[in-house]
Amino acid sequence: MLIVSLFVHFQDCVTRYQTRKGLASLTAQQLMDIGMTKERQQAELSQASFKGILCDMMVKVKKRGRML
């Protein structure tokens, strides 16, 4: 069960990575439509890396540890 949970969490992190990468192709109008500033877009794009995936994994694990 733990393995399945970790795999699902990893999939969520990869999906978040892909979404962040997709932000790079949005126009200024599209960013305005979703309520995102250029600064926030750049902050999200800076997390679109392997290091970002690892950080997402660790943050989620830490949050789960507090809930238990």
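The values are calculated or read from the model by the stated rules, or taken from the named source; none is laboratory data. Keep in mind that what you see is a predicted model, and the values were worked out from it rather than measured. Note that each Cβ is placed from the backbone with ideal geometry, even for glycine, and that neighbours are counted across all protein chains shown. The protein model used for the area step is the full one, side chains on, heavy atoms only, and it has no ligands, DNA or RNA in it. Shrake-Rupley method; radii C 1.70, N 1.55, O 1.52, S 1.80 Å.
Have a look at LEU2, ALA48, TYR17 and report the one farthest towards the positive end of the charge dipole of the chain, computed about the Cα centre with Cβ charges (Lys/Arg +1, Asp/Glu -1).
It is LEU2.
Simple spin-label model, 7 Å along Cα-to-Cβ: PHE10 to ALA28 in nm?
Each label point is offset 7 Å from its Cα along the Cβ direction, giving 4.2 nm.
Measure nothing fancy, just the Cα-based angle from helix 50-67's long axis to the longest principal axis of the chain, in degrees from 0 to 90, nearest 10.
50
Going by average Cβ density within 10 Å per residue, which order do the peptides 51-58, 34-41 take, highest to lowest?
Per-residue mean Cβ counts within 10 Å order the peptides as 51-58, 34-41.
Cα axis of helix 2-22 to longest principal axis of the chain: angle in degrees, 0 to 90, nearest 10?
For helix 2-22, the angle is close to 10 degrees.
Leaving ligands, DNA and RNA out of it, report the carbon-plus-sulfur percent of the accessible area of the chain at a 1.4 Å probe.
Accessible surface attributable to carbon and sulfur in the chain totals 65 percent.
Helix-only estimate, please: 222 nm mean residue ellipticity of the chain, summing -39500 (n - 2.57) across DSSP H runs of length 4 or more and dividing by its residues, to the nearest 500.
-26000 deg cm²/dmol
Report the charge-dipole magnitude of region 1-65 in Debye, nearest 20, computed about the Cα centre from +1 at each Lys and Arg Cβ and -1 at each Asp and Glu Cβ.
240
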